[in-house]
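What follows is a single structure, written as structure tokens, with notes after it.
The values are calculated or read from the model by the stated rules, or taken from the named source; none is laboratory data. Please read all numbers here as calculations on a predicted model, not as lab measurements. We work out accessible area using only protein heavy atoms, side chains counted, and drop any ligands, DNA or RNA first. Shrake-Rupley method; radii C 1.70, N 1.55, O 1.52, S 1.80 Å.
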Amino acid sequence: MKEQPARIRWEHRTQRPLLALAVLFAAAYAVPIVLPDAAPAVKQACAAVEWGVWAAFAADYLVRLVLAEEKRDFVRRHWLDLAAVLLPLLRPLQLLRVVATLLLIGRRARMASQIKLTTYVAGAVTGLLMFGSLAVLAVERESPDGNIKTLGDALWWSFTTMTTVGYGDHSPTTGLGRVLAVGLMLSGIALLGVVTANIAAWFINRFDSDDAEERRQTAAIEALTDEVRALRAQVAALSAGAPGTVPAAPGTVDGDAGPAPASPLSAPRS
């Protein structure tokens, strides 16, 4: 078996630790927002965890870049990781690493295509809801005209925004909050399109498989019919041309030759 490249081996070994670090980062990012009255020591510890996780992600990216055979192609394909490394001040962007890692695990799992896509969508929805809720809460909580003051309000707003329902009972009032709203709306439309396409593809694949099975059965029946016809023709040919067969005399039943004619020597004397 061909040996895998060093970068692939590195990614296989680090995907689970990176997932754990991503979850740790999400918790450290959420605590100061959900608990604004937390002790300063708690907030400092969360900030240290955030920077430590960012340093781990940066080191992981540099190692993969060094191990990559085509470095330009690697940078082009992993632009989101590069953005997360180069823009550490945009801390919510690091939450996208959770979704990226879930997608990475899903690609390596042996699942059906519909189940795999469902896993992708579920991970994307979870990450975007988390990102949108925490980010808009951090932005709108201190706004004097804002009406998103609790985590429940933020979650409700994120859900209605992603599903493009938009009841209007909660809405961002700051410029950054509205930028987040635009991002969530576009993401919701994209996810809705993915789900719709997945359902349509499932029905199409199901109908195609049913049609293929019906065609296979029809072909098998036709082949069997041809074989039976060929066997009948062979039996008829053998019966017509078999040696030693004598046509039956007129007036006799097939299979019964009737009484034998009398011999002249056995005729009665006068």
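Find how many whole Å separate the alpha carbon centroid of segment 182-226 from the alpha carbon centroid of segment 36-86. When both Cα centres are located, 40 Å separates them. Backbone geometry of segment 128-140 corresponds, through the Karplus equation with coefficients 6.51, -1.76 and 1.60 at θ = phi - 60°, to 3J(HN,Hα) couplings of 5, 4, 4, 4, x, 5, 5, 5, 5, 5, 5, 7, 8 Hz, x marking Gly and Pro. The listed residues His78, His12 rank as His12, His78 when sorted by accessible area, largest first, using a 1.4 Å probe. As a fraction of the 1.4 Å probe accessible area of segment 1-80, surface on carbon and sulfur atoms comes out at 65 percent.
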